[in-house]
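One structure is given below, encoded as structure tokens.
The values are calculated or read from the model by the stated rules, or taken from the named source; none is laboratory data. Every value quoted in this text rests on a predicted model; they were computed, and no experiment measured them. Cβ: placed from backbone, ideal geometry, glycine included. Neighbour counts: every protein chain shown.
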Amino acid sequence: MFSHVVVFWTKPEIPDAAGALLAGAEKFLRPIPGTLFFHAGKMIPSERPVVEQSYQVALNIVFESKKAQDDYQVHPLHIEFVEKVFKPNCMKAVVYDFA
């Protein structure tokens with residue numbers, strides 16, 4: 001199993017950047033074959049000081065293997081997501097990959 005977690009910071013000057021990012025993930029990323037689990041959502045505020053709350057959206061995808069994740073990265077729909085959704089709406093992303 002291979003987990004791919006992406007945390008996104010959206011551009012503050014774009015009022016619905018988080019909504020656009022979630023809609024784009026559903027349109028472009030969810031259909032890519034090879035995923036075992038797909039979840040994208042907005043940050044949930046917490047009173048716990050240990051919880052990171054400076055981001056707006058996170059994505060969690062589980063693949064069967066690193067090879068499946070490697071194939072996902074070069075899939076045309078992923079490339080389209082990066083160009084049409086990520087770049088216009090996000091100022092930063094941090095990726096956590098682990099197996």
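Kindly provide the set of residues from the stretch 47-66 that are in contact with a Leu (Cβ under 6 Å, 6 or more places away or on another chain) and either among the polar types (S, T, N, Q) or buried (at least 17 other Cβ atoms within 10 Å of the Cβ) (or both), ordered by number. Within the stretch 47-66, just 57 meets the criteria.
Conditions tested, residue by residue: (1) under 14 Å from residue 6 (Cα atoms); (2) surrounded by 17 or more Cβ atoms within 10 Å (Cβ to Cβ).
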site: 39; (1), (2): yes, no
site: 45; (1), (2): no, no
site: 68; (1), (2): no, yes
site: 74; (1), (2): no, no
site: 79; (1), (2): no, no
site: 88; (1), (2): no, no
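Given the structure, is residue 8 more than 18 Å from residue 94 (Cβ to Cβ) and modelled with pLDDT of 95 or more? So residue 8 does not fit the description; no. Exactly one residue among 13, 80 is modelled with pLDDT of 95 or more and under 15 Å from the mean Cα position of the chain (by Cα), and that residue is 80.
Just to be sure, is residue 94 part of a strand (DSSP E or B), within 14 Å of the chain's Cα centre (by Cα), over 26 Å from residue 12 (Cβ atoms) and not aromatic (Phe, Trp, Tyr)? When the stated conditions are applied, residue 94 does not pass them. Kindly provide the set of residues from the stretch 57-75 that are assigned to a helix (DSSP H, G or I) and farther than 28 Å from residue 12 by Cα, ordered by number. Hits for the stretch 57-75 are 66, 67, 68, 69, 70, 71, 72, 74. Scan the stretch 54-68 and give yes if some residue there is of a type in the set (A, V, I, L, M), more than 13 Å from the chain's Cα centre (by Cα), farther than 21 Å from residue 92 by Cα and modelled with pLDDT of 95 or more, otherwise no. Looking through the stretch 54-68, at least one residue is of a type in the set (A, V, I, L, M), more than 13 Å from the chain's Cα centre (by Cα), farther than 21 Å from residue 92 by Cα and modelled with pLDDT of 95 or more. Candidates are the residues of the stretch 4-56 that are in contact with a Cys (Cβ under 8 Å, 6 or more places away or on another chain) and in a strand (DSSP E or B); the one that is nearest to residue 73 (Cα to Cα) is 8.
Within the stretch 61-84, the set of residues being over 17 Å from residue 39 (Cβ atoms), touching a Gly at 6+ places or on another chain (Cβ under 8 Å) and not basic (Lys, Arg) comprises just one member, 71.
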